[in-house]
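One structure below.
The values are calculated or read from the model by the stated rules, or taken from the named source; none is laboratory data. This structure is a prediction, so every number in the text was calculated from the model and none was measured. Glycine also receives a Cβ, built like all others from the backbone with ideal geometry; neighbour counts cover every protein chain displayed.
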Amino acid sequence: MKLLLIYPRWRKLERQTAFNLPPHGPIVFAATVPPDVEIQLIDENVERIDLDASADLVAISMMLTIQVRRGWEIADAFRERGIPVIFGGIATMLHAEETRAHADSVFLGEAEGRFGQVIEDLKAGELKAVYDYLTDPPPIESVGTARRDILDPRHYTYGGVKMVDLVHASRGCRFDCYPCCVAFLGGRRFRPRPFERVVAEIESIDNERLFLVDNSLAQDTAWELGLFEAIAPLGKRWVSHPIENRDHVVKAAADAGCWYVYQAIYDTSDHLREKVKRLKDHGIGVEGTIVLGMDDHTEHSIKTLVDFLLEIELDLAEFTILTPFPQTQAYRDLEAQKRILTYDWDQYTADRVVFQPNNLTVDDLQELYYYAWDTFYRDEAQRFKMYKLFKRIS
């Protein structure tokens, strides 16, 4: 039996240096597929889809809202030829009702221990329209090593340098951030994988550079320190989302191979100034993630924030525009206030204004997005700043 696993293309942020990371969701899903099923992965961001290809089942994995319309197009093409299509992934869960119109089946939630039943149902001609496990996650111990063998590593380089491989040590998140949908997708309960499973997976990865894609490592101090202790002997260098802002935790992260972190920068407070300094003092780089267009943002506050980023000497900065993705508090608030301007999901790229800002015009916020990118990278291009970060560990 052949399963064709497709990851639809998506447009990268305007102004951002273009590169492709290996997709994580599809290879984590692939580990849940019974071993007697042949899997072929097509990442449309780096290779062409043959819409005339043969398969017993097409599985379309969608992570981002920007992928959904393309995913529907692909599904429609295969279904016209009588090939059944199932959807899964984050964006499928956010757009489940719309996606059902383009699918034989949608899979909602985590697939460990569950996808074998889907294959049995397909063989029996009894594929269900919906497999809904969204509120019933499997035991975290059942999460296995992702199927990186189905990736072609030649596609995931930048300037001849191999990009990071993605791995996760936990699921769920106890935080509920305003623009984020993780609370809906993975629940507010933090679910760490056993350290031995994480270590075994990392040991299986033929790459010295990793990205720990957990929503945040700052979930539980004892767990965080235990994770760092477990992975330190592996000698890998890694990137992650935020770590706890305590000196002994930051030191443990650095000792375990932390290379740089993604840190949300939302104001010009001394707290954030001190946090960035602590990371850098321990040799950990910082890439700021900055969301523009919050209700308290004005032209002055955004320009002041950009000046602050330069002052604290961030290594990199990624600017996005607040985007009301479904199942976020931002979506609920802006929809209730009738401030969402379009539901054209192709515009939900995080670099386009799709809502009415509070203190700015749509055009002003769009121009401030360009201002932020252009000003922060005025003296050094982003690609050069990226090169310097990679140079630290080469």
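Taking only the stretch 18-34 into account, find how many residues are modelled with pLDDT under 95 and either in contact with a strand residue (DSSP E or B) (Cβ under 7 Å, 6 or more places away or on another chain) or farther than 26 Å from Tyr387 by Cα (or both).
Summing the residues that are modelled with pLDDT under 95 and either in contact with a strand residue (DSSP E or B) (Cβ under 7 Å, 6 or more places away or on another chain) or farther than 26 Å from Tyr387 by Cα (or both) in the stretch 18-34 gives 2.
Gly172 versus (1) buried (at least 17 other Cβ atoms within 10 Å of the Cβ); (2) in contact (Cβ under 8 Å) with a residue 60 or more places away in the chain: which is the lone unmet condition?
(2)
Taking interchain pairs and intrachain pairs at least six residues apart, which have beta carbon atoms under 6 angstrom, with the first residue in the stretch 217-240 and assigned by TED's automatic domain parsing to the domain that holds Ala253 and the second of a type in the set (Ser, Thr, Tyr) and modelled with pLDDT of 95 or more?
That search, which allows pairs on different chains as well, returns Leu217/Ser240; Val239/Tyr260.
Against the condition outside any loop (DSSP other than H, G, I, E, B) and either small (Gly, Ala, Ser) or free of Cβ contacts under 8 Å to residues at least 24 places away in the same chain (or both), how does Arg189 come out, does it pass?
When the stated conditions are applied, Arg189 does not pass them.
Would you check which residues across the stretch 362-394 are part of a helix (DSSP H, G or I), of a type in the set (Lys, Arg) and in contact (Cβ under 8 Å) with a residue 40 or more places away in the chain and list them?
Arg383, Lys385, Lys388
Among the residues of the stretch 196-216, which ones are part of a helix (DSSP H, G or I), among the charged types (D, E, K, R) and within 20 Å of the chain's Cα centre (by Cα)?
Glu201
Any residue in the stretch 176-192 that is of a type in the set (Val, Ile, Thr), closer than 21 Å to Phe19 by Cβ and surrounded by 13 or more Cβ atoms within 10 Å (Cβ to Cβ)?
No, that holds for no residue.
Within the stretch 77-96, track down each residue that is small (Gly, Ala, Ser) and either touching a Pro at 6+ places or on another chain (Cβ under 9 Å) or on the phi < 0 side of the Ramachandran plot (or both).
Those that are small (Gly, Ala, Ser) and either touching a Pro at 6+ places or on another chain (Cβ under 9 Å) or on the phi < 0 side of the Ramachandran plot (or both): Ala77, Gly88, Gly89, Ala91, Ala96.
Do the conditions hold for Leu5, that is, is it surrounded by fewer than 23 Cβ atoms within 10 Å (Cβ to Cβ), on the phi < 0 side of the Ramachandran plot and hydrophobic (A, V, I, L, M, F, W, C)?
The answer is no for Leu5.
Could you list, in sequence order, all residues of the stretch 213-227 that are crowded, with 21+ Cβ neighbours inside 10 Å and in contact with an Asp or Glu (Cβ under 7 Å, 6 or more places away or on another chain)?
Selection gives Leu217, Glu224.
Are there any pairs, at least 6 apart or on different chains, whose C-beta atoms fall under 6 Å, with the first in the stretch 8-31 and farther than 16 Å from Ala91 by Cα and the second in a helix (DSSP H, G or I) and hydrophobic (A, V, I, L, M, F, W, C), and if so, which?
Within 6 Å, the pairs are Arg15/Trp373; Ala30/Ile150.
Quick check on the stretch 59-76. Is at least one of its residues assigned to a loop (DSSP other than H, G, I, E, B), out of contact with any Ser or Thr (no Cβ under 6 Å at 6 or more places or on another chain), polar (S, T, N, Q) and at negative phi?
The answer is no; no qualifying residue exists.
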